[in-house]
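Everything below concerns the one structure shown next.
Just so it is clear, none of the values below were taken in a lab; they were calculated from the coordinates. What you see is a predicted model; the values in this text were computed from it and never measured. Don't worry about glycine lacking a Cβ; one is built from the backbone with ideal geometry, like all the others, and counts go over all protein chains shown.
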Amino acid sequence: SNSRDSHDEL
Amino acid sequence: MNIFRLVGDLSHLLAIFVLLLKIWKSRSCAGVSGKSQILFALVFITRYLDLFTNFISVYNSLMKVIFIASTVATVYLMYIKFKATYDSNHDTFRIEFLVVPVGGLAFLVNHDFTPLEILWTFSIYLESVAILPQLFMISKTGEAETITSHYLFALGSYRALYLLNWIYRYYFEGYFDLIAVVAGCVQTILYCDFFYLYITKVMWGKKLSLPA
């Protein structure tokens, strides 16, 4: 899990 | 998407619209911290720059646009349209004391040293403390209108629900973002005192007033 995954969150 | 995140997002949306509607209907922004609203506008603008670079879903893009537009609208109502009702004497928190350290921290502690990533990190850190001018204002005046309490409760609940979302995602998706989780914990902890007052007073029909 990289940081990019979090960017689907608001 | 899980239930915690969805309800969290809806709670966030509700908070912003409760505040907008309160200001619009009463034609007044008394008791609301313009400084917190400026910080939230800054949070959304710096976080959602990826609107232009990274498409995730219609839901995602739509929510981002709504969050930016509604918060900018709140700032407009407070500082331009209903400026005469803005209680600036009580809104004295120095926001540079938040923005500068948070900016420095975003440069030092991030996932990736790129402009968009640093701005995203800045936004996450800033969001965690952006409510402080509002809480400071309430502590100065010693009270908050009931509608303002509802706004704060919905806004605080949103990040608390995100914490549940992160626990869920950790167990079921193996997903974990330390920066978001730590900032989310800080953000939720800042509301604890308020949550206590909200549950023990506002939910029982009393106005939120601080003990003298």
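Taking θ as phi - 60°, what are the ³J(HN,Hα) couplings along region B:160-172 by the Karplus curve (6.51, -1.76, 1.60), each to the nearest whole Hz, with x for Gly and Pro?
4, 5, 5, 4, 4, 4, 6, 5, 4, 5, 5, 6, 9
Going through region B:81-148, which chymotrypsin sites (Phe, Trp or Tyr not before Pro) have at most 13 other Cβ atoms within 10 Å and a DSSP loop state?
Passing both the DSSP loop test and the Cβ count: B:113.
Using only Cα atoms, find the angle between the long axis of helix B:178-200 and the longest principal axis of chain B, and express it within 0 to 90 degrees, rounded to the nearest 10.
20 degrees
Here are some pairs, B:35/B:207; B:25/B:81; B:25/B:64; B:22/B:81; B:83/B:207; B:35/B:83; which of them have Cα atoms lying more than 18 Å apart in this structure?
B:35/B:207; B:25/B:64; B:83/B:207
When the helices in chain B are scored as -39500 (n - 2.57) per DSSP H run of 4 or longer and the sum is shared across all residues, what 222 nm value do you end up with, to the nearest 500 deg cm²/dmol?
-23500 deg cm²/dmol
Tell me which residues come under 5 Å, amide H to amide H, from residue B:56 once H is placed; ignore anything under 5 positions away on its chain.
Correct list: B:61.
Which residue fluctuates the most in chain B, going by a Gaussian network model with Cα springs under 10 Å, if the choices are B:162, B:191, B:170?
Of the options given, B:170 has the highest mean-square fluctuation.
Shape of chain B from its Cα gyration tensor (a ≥ b ≥ c, root eigenvalues): rounded if a/c is under 1.5, otherwise prolate when a/b > b/c, or oblate?
Details: a/c = 1.59, a/b = 1.39, b/c = 1.14.
Here chain B falls in the prolate category.
Pairing the Cα long axis of helix B:115-129 with the longest principal axis of chain B, what angle in degrees results, from 0 to 90 and rounded to the nearest 10?
The helix B:115-129 is inclined about 40 degrees to chain B.
Once phi is turned into θ = phi - 60°, what whole-Hz ³J(HN,Hα) does the Karplus curve with 6.51, -1.76 and 1.60 give for every residue of region B:25-41, x standing for Gly and Pro?
5, 8, 6, 8, 10, 4, x, 9, 7, x, 5, 4, 5, 5, 5, 5, 4
Tilt of helix B:96-108 relative to the longest C-alpha principal axis of chain B, in degrees (0 to 90, nearest 10)?
It works out to around 10 degrees.
Counting Lys +1, Arg +1, Asp -1, Glu -1, what net charge surrounds residue B:59 among other residues with beta carbon under 12 Å of its beta carbon?
Values: positive: B:5, B:64; negative: A:8, A:9, B:9.
Here the count lands on -1.
Enumerate the calculated ³J(HN,Hα) couplings along region B:61-73 in order (Karplus 6.51 cos²θ - 1.76 cosθ + 1.60, θ = phi - 60°), each rounded to whole Hz, writing x wherever the residue is Gly or Pro.
Values per residue, Gly and Pro as x: 5, 4, 4, 4, 4, 5, 4, 5, 4, 5, 6, 5, 4 Hz.
Between B:39, B:58, B:70, whose Cα lies farthest towards the positive end of the dipole of region B:1-98 when Lys and Arg beta carbons carry +1 and Asp and Glu beta carbons carry -1, centred on the Cα centre?
Farthest towards the positive end: B:70.
Around residue B:143, which amide H atoms from residues at least 5 apart in sequence, or from another chain, sit under 5 Å from its own amide H, with H modelled in the peptide plane?
Here the answer is B:210, since their amide H atoms fall under 5 Å of that of residue B:143.
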